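Notes to accompany the following structure.
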Amino acid sequence: RLSIMASELRVTTIANNAGTESVDSTYVINGSAKVLLRYVQSTDTTNASFNISSESDDSTGTFTANFSNNFSDGNIYVFLTIHNAVKAADTSRHNSVAGITHDQATTSSAAEVSTRNGSHATAHAIDSDGNVSFSAFGDLA
């Protein structure tokens, strides 16, 4: 009969087998992404995720990523990229950008993301037909 015990590993430094390279464990804990998401809004498809409970397609060019495990507060660091699946001859979406919606604060449990073509104006909202990659860093609650 297999028995699994919960435990805690406490270390100050993590090193390779040879002991020639090491890093303070604080960098590993604080420097690791706590949320990862690859999402295609135009098809409402999640291609990959970590610590995401769900996404909601709020409107054209806006979706909300809901976290499985909350952050300690809404002061998180977010990194976003967008890759539209357009043909080289179609230049209409080459200037697409993704960002956190400025009129809705990022909370400890969710972040609203906007995708726009060339401007942050609502008139330029697009449902990305490629991956919006989203990662968030901060302290979990």
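Quick check on my filter: what residues within the range 1-38 are in contact with a strand residue (DSSP E or B) (Cβ under 8 Å, 6 or more places away or on another chain), of a type in the set (Ser, Thr, Tyr) and open to solvent by 90 Å² or more (accessible area, probe 1.4 Å)?
The one that is in contact with a strand residue (DSSP E or B) (Cβ under 8 Å, 6 or more places away or on another chain), of a type in the set (Ser, Thr, Tyr) and open to solvent by 90 Å² or more (accessible area, probe 1.4 Å): 12.
What's the number of the only condition in (1) surrounded by 14 or more Cβ atoms within 10 Å (Cβ to Cβ); (2) at pLDDT 65 or above; (3) farther than 25 Å from residue 140 by Cβ that residue 96 fails to meet?
Evaluating residue 96 over (1) surrounded by 14 or more Cβ atoms within 10 Å (Cβ to Cβ); (2) at pLDDT 65 or above; (3) farther than 25 Å from residue 140 by Cβ leaves (2) as the failure.
Could you check residue 73 against (1) free of Cβ contacts under 8 Å to residues at least 12 places away in the same chain; (2) assigned to a loop (DSSP other than H, G, I, E, B) and say which number it fails?
(1)
Taking residue 79, is it on the phi < 0 side of the Ramachandran plot and in contact with a helix residue (DSSP H, G or I) (Cβ under 6 Å, 6 or more places away or on another chain)?
Here the answer is no, as residue 79 does not meet what is asked.
Could you please find all residues in the range 99-113 being part of a loop (DSSP other than H, G, I, E, B) and modelled with pLDDT of 80 or more?
106, 107, 108, 109
Suppose the filter is under 30 Å from residue 130 (Cα atoms) and either touching a residue at least 40 places away in the same chain (Cβ under 8 Å) or not hydrophobic (A, V, I, L, M, F, W, C) (or both); does residue 27 pass it?
no
State which residue pairs qualify: first residue farther than 14 Å from residue 111 by Cα and in contact (Cβ under 8 Å) with a residue 12 or more places away in the chain and inside the range 48-60, second residue of a type outside the set (Gly, Ala, Ser) and part of a loop (DSSP other than H, G, I, E, B) in any location, beta carbons under 6 Å apart, and separation of 6 or more residues or different chains.
Hits for this filter: 60/127.
When both residues are 6+ apart or on different chains and their Cβ atoms are under 9 Å apart, which pairs have a first residue that lies in the range 114-141 and is within 29 Å of residue 31 (Cβ to Cβ) and at pLDDT 70 or above, and a second that is among the basic types (Lys, Arg) and outside any loop (DSSP other than H, G, I, E, B)?
Pairs that qualify, where the first residue is within 29 Å of residue 31 (Cβ to Cβ) and at pLDDT 70 or above and the partner is among the basic types (Lys, Arg) and outside any loop (DSSP other than H, G, I, E, B), are 131/38; 132/38; 133/38; 134/38.
The values are calculated or read from the model by the stated rules, or taken from the named source; none is laboratory data. What you see is a predicted model, and the numbers here were worked out from it, not measured in a lab. In this analysis, Cβ positions are derived from the backbone assuming ideal geometry, glycine residues included, and neighbour counts consider all displayed protein chains. Note: areas computed on protein heavy atoms with side chains; ligands, DNA, RNA excluded. Shrake-Rupley method; radii C 1.70, N 1.55, O 1.52, S 1.80 Å.
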